[in-house]
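Enquirer: Can you read through this structure? Questions will come right after.
The values are calculated or read from the model by the stated rules, or taken from the named source; none is laboratory data. Everything numeric in this text was worked out from a predicted model, so none of it was measured. For neighbour counting, all protein chains shown are included, and Cβ atoms are generated from backbone atoms with ideal geometry for every residue, glycine included.
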Amino acid sequence: MNTKGIMRSGFIALLSMLFSASVFAHGGAAGTDTDQCKFELEPEHWIHYTAYQPIAFPAEDFCANIPSLDTMTLLVFDYQDVRYRSRAVEFEITKEPEGTRVFYQAAKKHKSGSVKLTLPKGLSEAGKYLIHITLLQGNGERLDAHMGFNVGAGQASSMKDLFMYALFLFAGLYILYLSNAGFKSKVDEIIAGIKKA
């Protein structure tokens, strides 16, 4: 395959990844096996977690890093197992390492399978926090799960953003390669030199 064919194939592969929804799901994780936004309450039984700051970042969702302080923050938990809908679940958020409680919701059942916790003023201190989820079993047993997250570091460039920048850069260079004879000859010269090395 010639250089032009290789570049065209690479461009098509990158373009097809752009339109694949699973590539960007929760930081590039496809499926729950690599999903960092979940709690395992029991082996193979999960609660999925997503954070939103609808006033500061209306079109974004977050997981381990929540960017802004002192703004409305929504934490949404979705049961991936229908049997949890009939069990009471308790939620608590603590500021770490002190362990100071900043939010608490007493144990109750959530028949819809989705729980939305609203922190109207968000969290006021930057740093590490811990979500504690306690599932109350019918026999009095308690199942506990914990997940840490950071607040107040600002919005960093996500992998999705970096991928998009790289894709547009590559697409622009490819178009330049196809449309500019001088640029094409320079690229071909560089590739020929790499092949010889």
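Enquirer: Going by the conditions given, is Thr118 touching a strand residue (DSSP E or B) at 6+ places or on another chain (Cβ under 9 Å), at pLDDT 90 or above, among the hydroxyl-bearing types (Ser, Thr, Tyr) and closer than 28 Å to Glu44 by Cβ? Give the steps one after another, and end with the answer.
Expert: On the way: touching a strand residue (DSSP E or B) at 6+ places or on another chain (Cβ under 9 Å): yes; at pLDDT 90 or above: yes; among the hydroxyl-bearing types (Ser, Thr, Tyr): yes; closer than 28 Å to Glu44 by Cβ: no.
In short, no.
Enquirer: Only one residue in Ile131, Ile93 is among the β-branched types (Val, Ile, Thr), under 20 Å from the mean Cα position of the chain (by Cα) and closer than 18 Å to His45 by Cβ. Which one?
Expert: On the way: Ile93 fails: closer than 18 Å to His45 by Cβ.
After ruling out the rest, the residue left standing is Ile131.
Enquirer: So, in segment 47-72, exactly how many residues are surrounded by 17 or more Cβ atoms within 10 Å (Cβ to Cβ) and under 18 Å from Leu130 (Cα atoms)? So that I can check it myself, show each step before the final result.
Expert: Within segment 47-72, the first condition is being surrounded by 17 or more Cβ atoms within 10 Å (Cβ to Cβ), and the residues that meet it are 47-49, 51-53, 56, 62-63, 66-69, 71.
Those still in the list that are under 18 Å from Leu130 (Cα atoms) too: 47-49, 51-53, 62-63, 66-69.
Of the residues in segment 47-72, 12 are surrounded by 17 or more Cβ atoms within 10 Å (Cβ to Cβ) and under 18 Å from Leu130 (Cα atoms).
Enquirer: Turning to a different aspect of this structure: Can you list the strands (runs of 3 or more DSSP E) found entirely within segment 42-84 that contain at least 2 residues being under 16 Å from the mean Cα position of the chain (by Cα) and under 20 Å from Ala107 (Cα atoms)?
Expert: On the way: elements: 45-53, 57-62, 73-79.
Output list reads 45-53, 73-79.
Enquirer: Can you tell me how many residues within segment 125-147 are at pLDDT 90 or above and of a type in the set (Gly, Ala, Ser)?
Expert: Residues in segment 125-147 being at pLDDT 90 or above and of a type in the set (Gly, Ala, Ser): 2 in total.
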